[in-house]
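Here the structure is laid out as structure tokens; the discussion comes afterwards.
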Amino acid sequence: MLLHCVHARYVWNLAVEQHSYWHRGGKAAPGFAEQCRRLTEARTVSEWLREGNADVQQQALKDFGRAKQARFTSGFGEPTWRRKHRHEGFRVIGTDRVPEFGTDGGPKLNAKTGRQIMGRSVVVQRLNRRWAQVKVPGCGWVRFRLTRTGLPQAKTFRVTWKNGQWHIAFAVIPAPVTAPGTGEVIGIDRGVTITAALSDGRMLNCPQLTTRERAQIRKHQRRGARAPKNSSRKTAEYAKVAELKAREADRRKDWCEKTSTMLARSYGLVRFEKLNIKNMTRSAKRTIEDPGRRVAQKAGRNRAILAQEPSRVRLLLLRLHLQRGHPMQQPASRQDRTAKAAPGAKPVPEGQHRPDSGRVSVNRNSPGLKSPSFKRGRMSMTGAPD
């Protein structure tokens, strides 16, 4: 499977290189069909490419095409290079053929032939309650541990290698999380010491590494720094550090997934304190002519802020909200609120306020805050009243 990872990364980087030569006004860059044709020609010449699976390499080109089309909507921009030891993975399309059905339950028919469309399906077999196996081209049956009750019904799946562990993810659209239907509203104040302070008085904290695990990280970092350069001992010590860091990241992600699902199932409207995390975690280095002060302390504070996952819970709630099909509610700008409160009044510059603007000042970090609408500062809203 590592060879599949290398082939997928190599084909992806070739596609990135091809599109880097494109310029406005010139000939159009090759699309997916043209790239597949060139891949076939390359496989006839290169024996190393022929050792890999053609479907895996074509799926890498298809992933690149989708990333290229979504460069304006995904938020990640143009597809970039994939690096060794960092982007290790590949996507596999199912080999089994199953009939496809529409949303109404009727069979999907081909417009030209009138026959029912046969779609792809991944071949998965259950071994016992916890383990199952899936067929990977060129590797045979590969066992994996089940994290859901039923077997996945998917057309494709992705295999990734990260921090010494193999992971498999099936492309399945989950069932939308239903709203409670009670119309309850909750406000969330985000912080550093306390990850999320809810308006009903509850405090939610993102899990971190234990004291023993942090001591282990410092120990392995110290041993790695003292080990000879380019030695196997240095590599082994830093690999142990990466394993502990990956464990911490997995804990954070699991907590964010569970917390967002809990909030989506319990409340119809969730209001977040709107914070500019990018500006809050900006470095204090400045320039050589005008150097900053207490740069290391500011870097430590930035790590503490980012360790609380300030944006992931909101983004996950946003995804669950869109699955419900509700329209999004965006907070009004300060100028719009001022104009609505006083028609004909001129907009107030940022940083100033009118004496009679009616702003309510409360303690933002108060755990007993009951009304999120009266919190000072702008609020970002996720969800819709039921």
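The values are calculated or read from the model by the stated rules, or taken from the named source; none is laboratory data. Everything quoted here is computed from the prediction, not taken from an experiment. FYI the Cβ positions are ideal-geometry reconstructions off the backbone, even for glycines, and counts take in every protein chain you see. Surface areas here come from the heavy atoms of the whole protein model, side chains and all, with no ligands, DNA or RNA. Shrake-Rupley method; radii C 1.70, N 1.55, O 1.52, S 1.80 Å.
Beyond 26 Å in Cα-Cα separation lie the following of the pairs Lys62/Lys240; Lys68/Lys155; Lys27/Lys68; Lys229/Lys298; Lys219/Lys278: Lys62/Lys240; Lys229/Lys298; Lys219/Lys278. Please work out whether region 1-66 counts as rounded, prolate or oblate from its C-alpha gyration tensor, where a ≥ b ≥ c are the square roots of the eigenvalues and a/c under 1.5 means rounded, while otherwise a/b larger than b/c means prolate and anything else oblate? Prolate. In the complete set of protein chains, residue-level accessible area for Glu88 is approximately 20 Å², probe 1.4 angstrom. With all protein chains in place and a 1.4 Å probe, the accessible surface of region 52-141 carries 49 percent carbon and sulfur. Under the simplified labelling scheme, the Arg214-Thr182 pair shows an inter-label distance of 3.6 nm, with each label point 7 Å from Cα along Cα→Cβ. Summing +1 for each Lys or Arg and -1 for each Asp or Glu among the other residues whose beta-carbon sits under 12 angstrom from that of Glu78 gives +2.
Extending 7 Å from Cα along the Cβ direction at Arg37 and again at Lys112 yields two label points whose distance is 1.7 nm. Note on region 124-261: with charges restricted to the Cβ of Lys and Arg (+1) and Asp and Glu (-1), its dipole about the Cα centre is near 1060 debye.
Would you mind classifying region 70-189 by shape? Square roots of the alpha carbon gyration tensor eigenvalues, ordered a ≥ b ≥ c; an a/c under 1.5 is rounded, otherwise it is prolate if a/b is larger than b/c and oblate if not. The shape class here is rounded.
Taking 0.36 nm per residue of separation and subtracting the current Cα-Cα distance, fully stretching the chain between Lys229 and Leu2 would add 79.1 nm.
Here the simple spin-label model places points 7 Å from the Cα toward Cβ, and for Val192 and Ile288 these points are separated by 3.1 nm. In terms of the Cα gyration tensor, with a ≥ b ≥ c the square roots of its eigenvalues, is region 162-266 rounded because a/c is under 1.5, prolate because a/b exceeds b/c, or oblate? Because a/c hits 1.5 or more and a/b fails to exceed b/c, region 162-266 counts as oblate. Tell me, in nm to one decimal, what length is gained between Trp166 and Leu146 on full extension, where the rule is 0.36 nm per residue of separation less the Cα-Cα distance? Separation in residues times 0.36 nm, less the Cα-Cα distance, equals 5.9 nm. Counted by Cβ distance under 10 Å from His220, the other residues give a net charge of +3, where Lys and Arg count +1 and Asp and Glu count -1. Heavy atoms of the protein chains alone define the surface here; on that basis region 100-216 has 66 Å² accessible area per residue at 1.4 Å probe size. Computed about its Cα centre, the charge dipole of region 33-157 is approximately 400 debye, with only Lys, Arg, Asp and Glu carrying charge at their Cβ.
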